[in-house]
Amino acid sequence: MKKKYLNITLIVLLIIIWSSVFYKYFGGNKSSIKSNEAISSTINYKQKYAIAKDTFQLSLIDRDPFGISSRMIKTPIAKKTVNKPKVTAKTIQKNIVWPNITYHGFVKGENETTRLILLKIDKILFRKREKEIVNDITLVKAYNDSLIVSLNNNKKTIKKQ
């Protein structure tokens, strides 16, 4: 029963508020606004003050206002020659023979921060963590579908088998 009385009270309050909004907007005493406009337009205002403009003429200054040019003597600046280093030809990289590497995925433990990588290098199974070195091969980063390895600063991406 309480909900019913509360709903009725709120509906009545809503109707009162909206009716006052419609009354202010559509109804009301609009003749008073027109009479105020007529009264305000009939009064003539006169200016009680006059604005006096002060005019003057600016003249050009012939001397240096800071006096810097009289104290400083300009000396000619000699051009500096810059020796550019000669571009050396890049060293030809030797063809690196990569061993046969297959990636089988990784396991991440609850307490471990790095992943345990499962991979085969030349048919030997290894379980190593990221950034460890196996047979001169550094395990850089393991992803779900690939592994990035590095051999003599050359990186290679190996897809998951």
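The values are calculated or read from the model by the stated rules, or taken from the named source; none is laboratory data. A quick note: this is a predicted structure, and the numbers were derived from the prediction, not measured. Note that each Cβ is placed from the backbone with ideal geometry, even for glycine, and that neighbours are counted across all protein chains shown.
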**OP:** Residues being part of a strand (DSSP E or B) and surrounded by fewer than 12 Cβ atoms within 10 Å (Cβ to Cβ): count how many of those fall in the stretch 144-161.
**Re:** 3
**OP:** Hey, can you tell me all the residues within the stretch 138-152 that are over 32 Å from the mean Cα position of the chain (by Cα) and closer than 13 Å to LEU119 by Cα?
**Re:** THR138, LEU139, VAL149
Original post:
Within the stretch 36-76, restricting attention to residues that are exposed (fewer than 10 other Cβ atoms within 10 Å of the Cβ) and small (Gly, Ala, Ser), which residue is modelled with the highest pLDDT?
Top reply: SER59
**OP:** Could you pull out the residue among LYS79, LYS94 that is at pLDDT 70 or above, under 45 Å from the mean Cα position of the chain (by Cα) and within 30 Å of ASN135 (Cβ to Cβ)?
**Re:** LYS94
Original post:
Under 7 Å by Cβ, and 6 or more places apart or on different chains, what pairs join a residue from the stretch 141-161 that is more than 17 Å from ARG127 (Cβ to Cβ) with one that is assigned to a loop (DSSP other than H, G, I, E, B)?
Top reply: LEU151/ILE96; LEU151/TRP98; LEU151/ASP136; ASN152/ILE96; ASN154/ILE96; LYS156/TRP98; LYS159/ASP145
